[in-house]
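These notes concern the structure reproduced below.
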Amino acid sequence: MSGHSKWATTKHKKAVVDAKRSKMFAKLIKNIEVAARMGGGDPAANPTLYDAIYKAKKSSVPNDNIDRAVKRGSGAEAGGADYQTIMYEGYGPNGVAVLIECLTDNRNRAASDVRVAMTRNGGSMMFATLGDLESEIEMLLFEKALTEYEGALGVDEIVLVRGRIDHKDKDKTSLVVQSVERFAPTVEEAEAAREAAALIPQGPQPLCLRIDAAATGVPATIIDDLKHVLGNHAGESEVVLDIATSAGERRLRFGASFKVSPTPSLRAELEGILGPSPISR
């Protein structure tokens with residue numbers, strides 16, 4: 001005798017078969033729900049639903065499961081998932097363009113799954129966030145742009161990005177990157193910008209803050225802390241932050257939504273974040 005249990009072997013084989021069938025049933029049920037939601041719950045008037053039900057029955061999906069899926073999709077019964085279609089573009093091995101259509105009830109999970117599938121199979125893509133003091137947008141770099149411009153991207157780098165806006169996801173706008181340049185204006189460009197700024201009518205005196213980060217660096221939460229404080233002191237004065245680093249000075253300009261009224265209480269809160277004498281002028 002071999003010493004192996006025939007029942008154990010059969011049990012493991014059955015478990016594999018059941019797992020595959022369960023996955024297939026879930027996919028077929030999902031297709032029925034989506035078809036019913038898009039075109040109604042009557043198969044006679046909804047060819048997509050009719051086809052989805054036909055495929056489910058052909059694969060031996062129980063009739064009760066099919067009926068419940070139709071009711072959930074058409075709204076006759078509660079509990080249906082909110083399935084949505086999302087499109088992704090990417091590049092596979094050797095630069096082959098790929099268009100990926102996903103049907104999902106979880107956008108974040110779908111993006112993660114697509115990312116993993118692409119990178120594990122020789123494709124290249126990268127998600128990054130491009131932001132300023134007012135807002136941010138997700139950037140998507142495919143293989144060509146990633147290979148050419150990855151060196152220009154980094155945390156807190158100031159860059160000029162060109163690309164096209166992607167509205168395929170109705171709840172979120174993304175920027176598909178075509179080119180990236182480090183922002184390094186020439187002396188002439190900087191002077192021209194100063195002259196142009198001098199022609200702009202002057203409003204209230206801006207509130208200029210300063211922090212010396214040459215030795216310790218900029219704390220990761222300092223911008224969020226400043227935004228929180230500034231948001232509680234709404235006014236007409238623009239706020240700018242000068243950061244002294246080992247590489248030179250950088251100026252960050254807060255947006256219009258963070259204009260303040262420079263009161264003593266604001267100054268006290270700023271000293272708590274930036275230290276003594278945080279206002280340079």
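The set of residues in region 88-119 being of a type outside the set (Gly, Ala, Ser) and assigned to a strand (DSSP E or B) consists of Tyr88, Glu89, Tyr91, Val98, Leu99, Ile100, Glu101, Cys102, Leu103, Thr104. Residues of region 32-81 that are in contact (Cβ under 8 Å) with a residue 40 or more places away in the chain and within 34 Å of the chain's Cα centre (by Cα): Ile32, Glu33, Val34, Arg37, Ala69, Gly73, Gly80, Ala81.
Gln178 meets all of the listed conditions (1) surrounded by 12 or more Cβ atoms within 10 Å (Cβ to Cβ); (2) touching a helix residue (DSSP H, G or I) at 6+ places or on another chain (Cβ under 8 Å); (3) modelled with pLDDT under 75 but one, namely (3).
Can you tell me how many residues in region 231-281 are β-branched (Val, Ile, Thr), part of a loop (DSSP other than H, G, I, E, B) and surrounded by 15 or more Cβ atoms within 10 Å (Cβ to Cβ)? Looking only at that region, the number is 0. Each residue in region 251-270 was checked for being free of Cβ contacts under 8 Å to residues at least 24 places away in the same chain and within 15 Å of Cys208 (Cβ to Cβ), and 2 pass. Being within 30 Å of Val98 (Cα to Cα), outside the structural domain of Glu101 (by TED's automatic domain parsing) and at pLDDT 85 or above is a property that does not hold for Ile66. Scan region 8-32 for residues that are modelled with pLDDT under 80 and surrounded by 13 or more Cβ atoms within 10 Å (Cβ to Cβ) and report the count. Here the count works out to 0.
Filtering region 60-103 to residues that are hydroxyl-bearing (Ser, Thr, Tyr) and in contact with a helix residue (DSSP H, G or I) (Cβ under 6 Å, 6 or more places away or on another chain) leaves Ser74, Tyr83, Tyr88, Tyr91. Note on region 36-51: among residues that are closer than 15 Å to Glu77 by Cα and of a type outside the set (Asp, Glu), the one that is surrounded by the most Cβ atoms within 10 Å (Cβ to Cβ) is Ala36.
The values are calculated or read from the model by the stated rules, or taken from the named source; none is laboratory data. Here the structure is a predicted model, which means the values were calculated and not measured. A quick note on method: Cβ atoms are made from the backbone with ideal geometry, for glycine too, and the neighbour counts reach across all protein chains shown.
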